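Okay, so here's the structure we're looking at.
The values are calculated or read from the model by the stated rules, or taken from the named source; none is laboratory data. What you see is a predicted model; the values in this text were computed from it and never measured. Methodologically, a virtual Cβ is constructed for each residue, glycine included, from the backbone with ideal geometry; neighbour enumeration extends over all protein chains shown.
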Amino acid sequence: MVETKKLALTGAEAVANAMRQIAPDVVAAYPITPQTPIVEYFSKFVADGLVDTELIPVESEHSAMSAVVGAAAAGARAMTATSANGLALMHEIVYIAASLRLPIVMPVVNRALSGPINIHCDHSDTMAERDSGWVQFFVENAQEAYDLTLIGLKLAEHPDVQLPVMVNQDGFIISHGVEPVELLPDDMVRSFVGEREPVYSLLDVENPVTFGPLDLYDYYFEHKRQQIAAMEKVFEVFPKVVEEFEKISGRRYACVEAYRLDDAEHVMVALGSTCGTIKDVVDELREEGKKVGLLKLWMFRPFPKEQVQRYLYGRKSVVVLDRSASFGAEAPLYAEIKSALYESPTKPLIGSYIYGLGGREILPRHIRQAFEAAINGDLLADGQGYLGLRE
């Protein structure tokens with residue numbers, strides 16, 4: 001344990017400080033609400049000489065991801081950040097970054113995808129990239145955004161992983177909300193993340209490699225299988241990284257967080273900032289004698305199936321909240337939870353609720369409504385419910 005500095009920071013400031021401490025070789029920057037403050041704060045650090053990073057202002061998010069792909073392929077430590085329509089514009093290169101096994105870390109400030117145009121929070125932008133081959137973390141608050149940016153970099157660069165990482169924070173709710181954040185000393189962070197040691201580099205003329213060649217049916221299948229294997233390795237490497245982080249910070253992370261689950265009969269599952277509201281409602285219902293709890297997922301990709309099964313087997317009911325919709329199919333998180341519990345010998349009743357699209361508020365009474373439906377046996381099993389919607 002070391003002495004830390006506690007500051008009042010927004011989620012955007014917290015991540016910008018994590019980037020300053022990481023000191024990447026290259027950052028490509030393009031503004032988009034509500035991500036813009038991250039690259040604004042970081043650009044000020046560069047201008048003030050607090051970090052020696054090549055900051056590249058580009059003409060679009062597609063260019064931003066292209067620039068960091070080139071930098072990472074050359075062996076540099078490279079980062080960028082984006083939101084919503086910007087992430088959608090990156091879509092092609094997001095897949096390429098993962099396919100080339102480049103350990104890029106990208107903070108994503110979650111925002112609804114158009115149309116109609118909307119600048120507020122939901123998870124549709126990140127969910128559109130859930131099969132792109134990136135590791136995906138979701139955070140509840142600014143402290144977690146800071147911590148998981150550092151953890152994400154060390155995970156991404158591990159030789160057994162070599163995959164890009166998205167660290168998702170809810171737009172405006174976390175990115176612009178001010179909270180106490182404990183920053184580790186700069187030298188401690190640099191010791192934790194270390195120096196990047198590329199597994200391969202375009203600049204290594206003694207061991208030449210080719211990036212992005214035509215890859216038809218002769219090898220494409222095998223390369224996809226390698227990506228799958230790398231994702232599986234995340235489950236081996238991540239516990240080691242978070243254990244090392246706990247030693248210097250005192251803060252413990254895992255694929256999931258179990259909140260008051262020991263004897264819980266009815267469990268809610270969710271991602272992001274809403275988990276804070278759910279915890280408050282869980283506490284209130286516990287005071288009323290209701291056996292409820294929360295399973296929060298820090299990691300969404302790779303999906304922590306075994307941990308989900310361990311915590312949800314044997315419950316009476318499971319309520320899944322999604323801040324995104326999958327049109328013509330089940331909501332993304334609900335579909336994963338339902339699939340994970342398919343083989344359960346004692347299947348809980350599973351209900352699905354969509355909430356908060358386009359930044360619609362999620363209030364404690366909405367959470368209570370979903371819990372009470374589960375407790376009273378009124379959960380709409382194998383159906384879709386909505387919280388806070390005007391029907």
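Suppose the filter is assigned by TED's automatic domain parsing to the domain that holds Met106, over 24 Å from Gly171 (Cα atoms) and hydrophobic (A, V, I, L, M, F, W, C); does Ala84 pass it?
Considered against the rule, which asks whether it is assigned by TED's automatic domain parsing to the domain that holds Met106, over 24 Å from Gly171 (Cα atoms) and hydrophobic (A, V, I, L, M, F, W, C), Ala84 comes out as no.
Each residue in segment 259-276 was checked for being crowded, with 17+ Cβ neighbours inside 10 Å and touching a helix residue (DSSP H, G or I) at 6+ places or on another chain (Cβ under 7 Å), and 8 of them qualify. The set of residues in segment 342-367 being under 13 Å from Val320 (Cα atoms) and out of contact with any Leu (no Cβ under 6 Å at 6 or more places or on another chain) consists of Pro348, Ile350, Ser352, Ile354, Ile367. Inspect segment 48-55 for any residue being assigned to a strand (DSSP E or B), surrounded by 21 or more Cβ atoms within 10 Å (Cβ to Cβ), touching a residue at least 12 places away in the same chain (Cβ under 8 Å) and in contact with an Asp or Glu (Cβ under 8 Å, 6 or more places away or on another chain) and give the result as yes or no. No - not one qualifying residue is present in segment 48-55. Within segment 239-254, the residues that satisfy the criterion of being among the β-branched types (Val, Ile, Thr) and more than 17 Å from Lys296 (Cα to Cα) are Val241, Ile248.
Within the bounds of segment 152-172, is there any residue that is farther than 27 Å from Tyr200 by Cα and among the hydrophobic types (A, V, I, L, M, F, W, C)?
Step one: filter segment 152-172 for residues farther than 27 Å from Tyr200 by Cα, giving 168-172.
With the extra rule that they be among the hydrophobic types (A, V, I, L, M, F, W, C), the set shrinks to 172.
There is at least one residue in segment 152-172 that is farther than 27 Å from Tyr200 by Cα and among the hydrophobic types (A, V, I, L, M, F, W, C).
Confirm whether Val167 is buried (at least 21 other Cβ atoms within 10 Å of the Cβ), in contact with a Ser or Thr (Cβ under 9 Å, 6 or more places away or on another chain) and under 28 Å from Glu236 (Cβ atoms).
Judged against the criteria, Val167 is a match.
Among the listed residues Pro24, Pro31, identify the single one that is assigned by TED's automatic domain parsing to the domain that holds Ile119 and free of Cβ contacts under 8 Å to residues at least 12 places away in the same chain. Break it down stepwise before answering.
Working: Pro24 fails: free of Cβ contacts under 8 Å to residues at least 12 places away in the same chain.
Step by step, each of Pro24, Pro31 is checked, and only Pro31 is assigned by TED's automatic domain parsing to the domain that holds Ile119 and free of Cβ contacts under 8 Å to residues at least 12 places away in the same chain.
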